[in-house]
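No lab work stands behind these numbers, since they all come straight from the coordinates. What you see is a predicted model; the values in this text were computed from it and never measured. Here Cβ is always computed from backbone atoms with ideal geometry, including for glycine, and neighbour counts include all displayed protein chains.
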Amino acid sequence: MIEEQIILLKKNIVEYGSHVENMLSKSAQGVFKRNNESLREVINEEENISNKLELALDEKAINIIAKFQPVAKNLRMIISIIKMNNDLERIADHCVNIAQSGLYLNGYPAAKPFIDLPEMKNIVSEMLRKSSIALIDDDTIIAKSVLLMDDEVDKYKKLIIEELMPLLSDKKQNARVVLEIINIVNNLERIADLSTNVCEDFIYMKSGEVMKHKKSVDKQN
């Protein structure tokens, strides 16, 4: 039955989400605790697993469409899961980017203590975690709460970059160290955006409600 296949597909996407959460945790730990072993695990091991999970899930979804030719709600659900799968794969790539920046940073003295960056990472991690919980609990309220957290991430990005910019003109400072921290900030922001995408796709999957662009419209009103 197609319903059973969709349940298994949802289970697979939740498992993939958990794997990506772990990648973010390891890459952040490697940066903040200067742990190169964690960073190399993300780059050399976790990314390969991510790629295999993404390809396997994509193939399962396509096979279900080919076999059952679903329509209406079932088709919308499968397409949404395919889009979520793509977003999770991109999040995994951003985790690898963070790990690569961390490996460079760990080879040099710290430009400044990490204060706001861990707070930003915690919010991003919570967004990613809640996107998985929304899927597990079948809860659009949790999914919508993730959309509201995106503004907080943007505020941290602006604050951190404003603090870092003066260091770029400091001749005593390694400019690339500063740029790699900015790269981490940008990757965290992209993970937040993609977690938002996952929740938008879940809301559409459940109710047919289109959330994309709604926040920007609400801001204008």
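Within segment 170-196, the set of residues being over 16 Å from LYS157 (Cα atoms), in a helix (DSSP H, G or I) and more than 9 Å from the chain's Cα centre (by Cα) comprises ALA175, ARG176, VAL177.
Scanning segment 164-175 for residues that are out of contact with any helix residue (DSSP H, G or I) (no Cβ under 7 Å at 6 or more places or on another chain) and either surrounded by 15 or more Cβ atoms within 10 Å (Cβ to Cβ) or over 17 Å from ILE115 (Cβ atoms) (or both) yields SER169, ASP170, LYS171, LYS172, ASN174.
In segment 68-77 there is no residue matching the filter, namely being surrounded by fewer than 22 Cβ atoms within 10 Å (Cβ to Cβ), of a type in the set (Val, Ile, Thr) and assigned to a helix (DSSP H, G or I). Residues that are in contact with an Asp or Glu (Cβ under 8 Å, 6 or more places away or on another chain), buried (at least 20 other Cβ atoms within 10 Å of the Cβ) and hydrophobic (A, V, I, L, M, F, W, C) within segment 144-163 comprise VAL153, ILE160, listed in sequence order.
Taking the conditions (1) closer than 20 Å to VAL20 by Cα; (2) surrounded by 15 or more Cβ atoms within 10 Å (Cβ to Cβ); (3) of a type outside the set (Lys, Arg); (4) under 18 Å from the mean Cα position of the chain (by Cα) in turn, ASN122 satisfies each one other than (2).
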